[in-house]
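See structure below.
The values are calculated or read from the model by the stated rules, or taken from the named source; none is laboratory data. Bear in mind the structure is a predicted one, so any value in this text is a computation, not a measurement. Virtual Cβ from ideal backbone geometry, glycine too; neighbours counted across all protein chains shown.
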């Protein structure tokens, strides 16, 4: 079991740029969620997708968007990057997005200069 | 709105001592609570969930709806328990609301 895989592991961008982060769920998992973890804080929910449909959205600006593909992998896109977007971005997958446990990836460390 | 509070950012105990990591929540619905753990250089992983009422690695947690708490306990801490612990509340779908975490250090 490869677990949840995320790419890239690290990324450095400058203010105003755009970034795309990728996530492959555990085989058989159809739900993917994204979280932002700022240093010293707990993860904060951004999005949940299930069967390519958005199931939930956290309190993030419209600069943040995501999508899920037919193979259940997912992308998180962030436009017009700000210094405050510097964080660890975590992806989690679960079977159906219901009450079963979520499994987390190692995250993508995004640094904005 | 839902909220999870972990009042201690840092907690240090000696090996063999009891340990309790505190978690309080606020949520108007029926809560489902979890403890996640992150060992050094490892990914975030589920430790236990209240609905399963199981003991994992000697840890237990009881949901107290009257006090809106879900404290994590272990009677005898081990050095390998040193890690960051997050309490999390599940609301709709898969949305998890996390506390800020408690860094537990178990000293030899």
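Yes or no: the stretch A:41-54 includes at least one residue that is in contact (Cβ under 8 Å) with a residue 40 or more places away in the chain, surrounded by 18 or more Cβ atoms within 10 Å (Cβ to Cβ), under 20 Å from residue A:113 (Cβ atoms) and touching a strand residue (DSSP E or B) at 6+ places or on another chain (Cβ under 7 Å).
So far as the stretch A:41-54 goes, no, none of its residues is in contact (Cβ under 8 Å) with a residue 40 or more places away in the chain, surrounded by 18 or more Cβ atoms within 10 Å (Cβ to Cβ), under 20 Å from residue A:113 (Cβ atoms) and touching a strand residue (DSSP E or B) at 6+ places or on another chain (Cβ under 7 Å).
Mind telling me which of the residues B:70, B:76 ends up being touching a helix residue (DSSP H, G or I) at 6+ places or on another chain (Cβ under 7 Å), more than 14 Å from chain A (Cβ to nearest Cβ) and either surrounded by fewer than 18 Cβ atoms within 10 Å (Cβ to Cβ) or touching a residue at least 40 places away in the same chain (Cβ under 8 Å) (or both)?
Every option except B:70 fails the conditions.
Over 17 Å from residue B:69 (Cα atoms), at pLDDT 95 or above, more than 13 Å from chain A (Cβ to nearest Cβ) and buried (at least 16 other Cβ atoms within 10 Å of the Cβ) - does that describe any residue in the stretch B:5-18?
Yes; the residues of the stretch B:5-18 include at least one that is over 17 Å from residue B:69 (Cα atoms), at pLDDT 95 or above, more than 13 Å from chain A (Cβ to nearest Cβ) and buried (at least 16 other Cβ atoms within 10 Å of the Cβ).
Given (1) free of Cβ contacts under 8 Å to residues at least 24 places away in the same chain; (2) within 14 Å of another protein chain (Cβ to nearest Cβ); (3) under 15 Å from the mean Cα position of the chain (by Cα), where does residue B:30 come up short, assuming only one miss?
(3) is the only condition that residue B:30 fails.
How many residues are part of a strand (DSSP E or B) and within 13 Å of the chain's Cα centre (by Cα) when one looks only at the stretch B:52-108?
As a first pass, look at the stretch B:52-108 and keep what is part of a strand (DSSP E or B): B:56, B:59-61, B:64, B:69, B:72-74, B:83-90, B:96-98, B:102-107.
Those left that are additionally within 13 Å of the chain's Cα centre (by Cα): B:56, B:59-61, B:69, B:72-74, B:83-89, B:97-98, B:102-104.
Residues flagged as part of a strand (DSSP E or B) and within 13 Å of the chain's Cα centre (by Cα) within the stretch B:52-108 amount to 20.
Tell me which residues, restricted to the stretch A:37-52, are over 20 Å from residue B:83 (Cα atoms) and either more than 9 Å from every other protein chain (Cβ to nearest Cβ) or not in a strand (DSSP E or B) (or both).
If the condition is that a residue be over 20 Å from residue B:83 (Cα atoms) and either more than 9 Å from every other protein chain (Cβ to nearest Cβ) or not in a strand (DSSP E or B) (or both), then A:46, A:47, A:49, A:51, A:52 are the ones that fit.
If a residue must be more than 10 Å from chain B (Cβ to nearest Cβ) and either within 17 Å of residue A:68 (Cα to Cα) or surrounded by fewer than 18 Cβ atoms within 10 Å (Cβ to Cβ) (or both), how many such residues does the stretch A:96-113 contain? Can you show your working first?
Pass one, the stretch A:96-113, residues more than 10 Å from chain B (Cβ to nearest Cβ): A:108-113.
Now narrow it down to the ones that are either within 17 Å of residue A:68 (Cα to Cα) or surrounded by fewer than 18 Cβ atoms within 10 Å (Cβ to Cβ) (or both): A:109, A:111, A:113.
Residues flagged as more than 10 Å from chain B (Cβ to nearest Cβ) and either within 17 Å of residue A:68 (Cα to Cα) or surrounded by fewer than 18 Cβ atoms within 10 Å (Cβ to Cβ) (or both) within the stretch A:96-113 amount to 3.
Step by step: first the residues of the stretch A:60-84, then only those that are on the phi < 0 side of the Ramachandran plot, away from chain B (no Cβ under 13 Å) and buried (at least 21 other Cβ atoms within 10 Å of the Cβ), then the one that is farthest from the chain's Cα centre (by Cα). Which residue is that?
My answer is A:78.
With respect to the numbered conditions (1) touching a residue at least 40 places away in the same chain (Cβ under 8 Å); (2) more than 10 Å from every other protein chain (Cβ to nearest Cβ), which one is the sole condition not fulfilled by residue B:44?
The one condition residue B:44 does not meet is (2).
Checking the condition more than 16 Å from residue B:100 (Cα to Cα) and in contact with a strand residue (DSSP E or B) (Cβ under 9 Å, 6 or more places away or on another chain), which residue from B:48, B:10 passes? Can you show your working first?
Values: B:10 fails: more than 16 Å from residue B:100 (Cα to Cα).
Only one candidate passes the filter, namely B:48.
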